[in-house]
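Peer 1: I'd like to ask you about the structure that follows.
The values are calculated or read from the model by the stated rules, or taken from the named source; none is laboratory data. Small disclaimer: the values here were computed from a predicted structure and weren't measured. So basically every Cβ, Gly included, is an ideal-geometry build from the backbone, and we count neighbours across all protein chains shown.
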């Protein structure tokens, strides 16, 4: 072989192992504004986000996955898979084994937004829960520095192994992980946090930036906690990224406006202004200021021009209605206390006992006014032999029926009663129940697979999913989605905020992007969702996401420079009508094999369903 041919062969071998893209490796930032509605972003409330939407890509047809809940959508953002694959179906789940993080109580039904609980769930189910390679995990394996900062629970879902970060150097094997529980051994209720601790120079830098040894606890609006997290990010972590000289992937999860919208006090007891008051606007501005601080720091350190920024919310939001609406959208009185579904089911099954997981499985004296604290309950003659379990998830509830000879009969007893209940908006039933007998037994419901809740995961699946009724509040003049109220199974009150329903107010989240790889001034009208964030950013970084399951998002190529608009199809799935006429309608849009949920429910009981 001649010297020239040898040199040519060596060059070709080198080219073969290089990434498929040219130029410097990109940095990526994902900023999550928890609970941010698309229409609540204005130049006044969120000037930074409004500018990104105007100057970059406006994902005007955005979608959360259903149920529209935080950890569920966090899993979609992390992996690019729908919930049937991740197993993170909702914020509160029946897990089927005791969670020892709960002060020793044998609780099998629990809220997931906790580092200790998430560690336990992952340890029990292995790859049956979050078995996919997350964006952050893949980026670290490819040599990118990883920074994860923000709200506990959904932050850990981005890469559960990062909970073992040494938090001493950005070049550590698990990058940097700082949530609100970092440096706090215990939660306020005394349970262990199992979060990270700051070490070495980073601990010193964080104290120098904030004057505090640990993040402040949550408030509404959440100014002080987020100010701490932002200061650490901009004054310690971003300079460290500059000094490392390596490309990076960062995710910052802002707890506001979600926290403040839940705790809204502007109109407790009334639907207007609901979550559209002064405090909520301050919370949106708070999140927007955090994003501006991060972008300003990237510019200060000379990294902005090589960084793609994706801003996303995990879900939309609605105002809580604790009662059945009149035809014009008013509430005559509030009547639905927390746990109303569980208490109804206990009656339907023959006045069974009700046990509250939030109160160490205490049996409730229902006749004397005791109620499930958070809506969750175990129902039956005894705690060890339940007939049903209810996981309350705000705008949607999960009903589980234990396996056994009576499973289908019990599920049908509950289902038949739900058909006649005015707080129900949509019904989904586990595919296994449809297949185990006459499918007509569950006329009025659609199978859970239609909303991608059946997939690879081995976490116990609910048997019935209720999507609660939603409507436009009387007297609100801000537009349909901003004025949506929803019935919710929660301890919060009428006029405060909630999400989780299949209404368009909850499925439409804020999404926008800007940077060297995104188009400028582009309105993307194709359906785009949280499930597309990881595939798109992985494409930009030149890395692959692996893992079990086929319920996947897509690369939003139409939003990237040189990309073309995809073909979009629309479907309207309609269940057979029940004897009383109830039926569940699901309106979806599809790009290839990726399905986006616009709204679902009984016509006349769900905001966002088309008039036909």
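Peer 1: Please work out which residue is surrounded by the fewest Cβ atoms within 10 Å (Cβ to Cβ), limiting yourself to region 437-453 and to residues that are part of a loop (DSSP other than H, G, I, E, B) and modelled with pLDDT under 95.
Peer 2: The residue in question is 438.
Peer 1: Surrounded by fewer than 18 Cβ atoms within 10 Å (Cβ to Cβ), within 24 Å of residue 434 (Cα to Cα) and under 30 Å from the mean Cα position of the chain (by Cα): does that describe residue 397?
Peer 2: When the stated conditions are applied, residue 397 does not pass them.
Peer 1: So which strands (runs of 3 or more DSSP E) are wholly in region 465-564 and hold at least 3 residues that are over 24 Å from residue 375 (Cα atoms) and at pLDDT 95 or above?
Peer 2: Counting at least 3 such residues, we get 511-514, 522-524.
Peer 1: Got a sec? Which of 256, 296 is within 19 Å of residue 50 (Cβ to Cβ) and either in contact with a helix residue (DSSP H, G or I) (Cβ under 6 Å, 6 or more places away or on another chain) or assigned to a strand (DSSP E or B) (or both)?
Peer 2: Exactly one of 256, 296 is within 19 Å of residue 50 (Cβ to Cβ) and either in contact with a helix residue (DSSP H, G or I) (Cβ under 6 Å, 6 or more places away or on another chain) or assigned to a strand (DSSP E or B) (or both), namely 256.
Peer 1: Then there is this: Output the number of residues of region 578-598 satisfying the condition of being within 19 Å of residue 418 (Cβ to Cβ) and in a strand (DSSP E or B).
Peer 2: The total comes to 2.
Peer 1: Restricting to region 345-360, name every residue that is buried (at least 17 other Cβ atoms within 10 Å of the Cβ) and either in contact (Cβ under 8 Å) with a residue 60 or more places away in the chain or within 20 Å of residue 416 (Cβ to Cβ) (or both).
Peer 2: The answer is 345, 346, 348, 349, 352, 357.
Peer 1: While we're looking at this one, here's another question. Does any residue in region 556-567 that is on the phi > 0 side of the Ramachandran plot come within less than 7 Å, Cβ to Cβ, of a residue that is at pLDDT below 95 and part of a loop (DSSP other than H, G, I, E, B) six or more places away or on a different chain, and which pairs are these?
Peer 2: That search, which allows pairs on different chains as well, returns nothing.
Peer 1: In region 78-184, which helices (runs of 4 or more DSSP H) lie fully inside it and hold 3 or more residues that are surrounded by fewer than 20 Cβ atoms within 10 Å (Cβ to Cβ) and in contact (Cβ under 8 Å) with a residue 24 or more places away in the chain?
Peer 2: By residue number, 115-125.
Peer 1: Can you say whether residue 263 is in contact (Cβ under 8 Å) with a residue 60 or more places away in the chain and within 20 Å of residue 151 (Cα to Cα), as far as the supplied structure shows?
Peer 2: Details: in contact (Cβ under 8 Å) with a residue 60 or more places away in the chain: yes; within 20 Å of residue 151 (Cα to Cα): yes.
Here the answer is yes, as residue 263 does meet what is asked.
Peer 1: Checking residue 419 against (1) surrounded by fewer than 23 Cβ atoms within 10 Å (Cβ to Cβ); (2) over 30 Å from residue 334 (Cβ atoms); (3) in contact with a strand residue (DSSP E or B) (Cβ under 8 Å, 6 or more places away or on another chain): exactly one of these is not met. Which one?
Peer 2: (2)
Peer 1: Within region 454-466, which residues are over 17 Å from residue 500 (Cβ atoms), crowded, with 23+ Cβ neighbours inside 10 Å and more than 19 Å from the chain's Cα centre (by Cα)?
Peer 2: 463, the sole residue that qualifies.
Peer 1: Related question: Any residue in region 493-505 that is at positive phi sitting within a Cβ distance under 6 Å of a residue that is at pLDDT 95 or above and surrounded by 24 or more Cβ atoms within 10 Å (Cβ to Cβ)? List the pairs, counting only those 6 or more apart or interchain.
Peer 2: Sorted first by the residue in region 493-505, then by its partner, the pairs are 495/274; 500/67; 500/68; 500/69; 500/393; 500/394; 500/395; 500/396.
Peer 1: Filter region 195-246 for residues that are in contact (Cβ under 8 Å) with a residue 40 or more places away in the chain, crowded, with 21+ Cβ neighbours inside 10 Å and closer than 29 Å to residue 26 by Cβ and give the result.
Peer 2: Those that are in contact (Cβ under 8 Å) with a residue 40 or more places away in the chain, crowded, with 21+ Cβ neighbours inside 10 Å and closer than 29 Å to residue 26 by Cβ: 226, 229, 230, 232, 233, 237, 238, 241.
Peer 1: What pairs come out if I take residues in region 432-447 that are touching a residue at least 60 places away in the same chain (Cβ under 8 Å) and at negative phi and pair them with residues that are part of a loop (DSSP other than H, G, I, E, B) and surrounded by 22 or more Cβ atoms within 10 Å (Cβ to Cβ) whose C-beta lies under 8 Å away, six or more apart or interchain?
Peer 2: If the second residue must be part of a loop (DSSP other than H, G, I, E, B) and surrounded by 22 or more Cβ atoms within 10 Å (Cβ to Cβ), the pairs left are 443/575; 445/575; 445/584; 446/575; 446/584.
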